[in-house]
Amino acid sequence: MLAGLLLHIFYRTPGNRQLSINIHDVYSCTGALPCQTVWDFAIIFTIALGAGLLIWKEQLAIAGFAIAHVLATGLFILSIIFPVLLGITGPLLSVPMVNLAIVTAFALQFPIAIILSLLGALSGIFFSGRLGLSEVD
């Protein structure tokens, strides 16, 4: 779900932050990095809250939070550089596309999305204990 949300944000209207890509001093392009809205942050928090409700052991929830972000980042980067991997784009564009994917992946997640996701997972753990959803030992 998180990787899908990151892709949705990436392909939506661009934001105000500019990113310049210089391709071997031959071609230069400037594009906008996508901006996140309050609703995007709310969805990230809700995804983490739901995961925290389902995984009520603290160690698993924290590890799951970290693993989910690593996997979502990997899937996001893979989907952006997929044309490079298939050979659809020329070798001239391969390095800038990989750089764009990596920079955008980290710009979309750090620091606010990571913090909200961690808070959502911890809130889910707390509410699962309060609602009696946790495992009885």
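The values are calculated or read from the model by the stated rules, or taken from the named source; none is laboratory data. Please read all numbers here as calculations on a predicted model, not as lab measurements. Glycine also receives a Cβ, built like all others from the backbone with ideal geometry; neighbour counts cover every protein chain displayed.
Can you tell me which residue within segment 107-125, out of those that are in contact with a Gly (Cβ under 9 Å, 6 or more places away or on another chain) and either in a loop (DSSP other than H, G, I, E, B) or of a type in the set (A, V, I, L, M, F, W, C) (or both), is modelled with the lowest pLDDT?
Only one residue fits best here, namely Ile125.
Out of all the residues in segment 81-114, which are touching a residue at least 24 places away in the same chain (Cβ under 8 Å), farther than 30 Å from Val38 by Cβ and either of a type in the set (Gly, Ala, Ser) or exposed (fewer than 13 other Cβ atoms within 10 Å of the Cβ) (or both)?
Leu92
Among the listed residues Thr73, Thr46, Thr104, Thr30, identify the single one that is at pLDDT below 85, of a type outside the set (Gly, Ala, Ser) and within 15 Å of the chain's Cα centre (by Cα).
Thr104
Taking the condition of being touching a Leu at 6+ places or on another chain (Cβ under 9 Å) and surrounded by 19 or more Cβ atoms within 10 Å (Cβ to Cβ), how many residues in segment 50-80 meet it?
9
Consider segment 32-73. How many of its residues are small (Gly, Ala, Ser) and without any contact (Cβ under 8 Å) to a residue 24 or more places away in the chain?
Residues that pass the stated criteria total 4.
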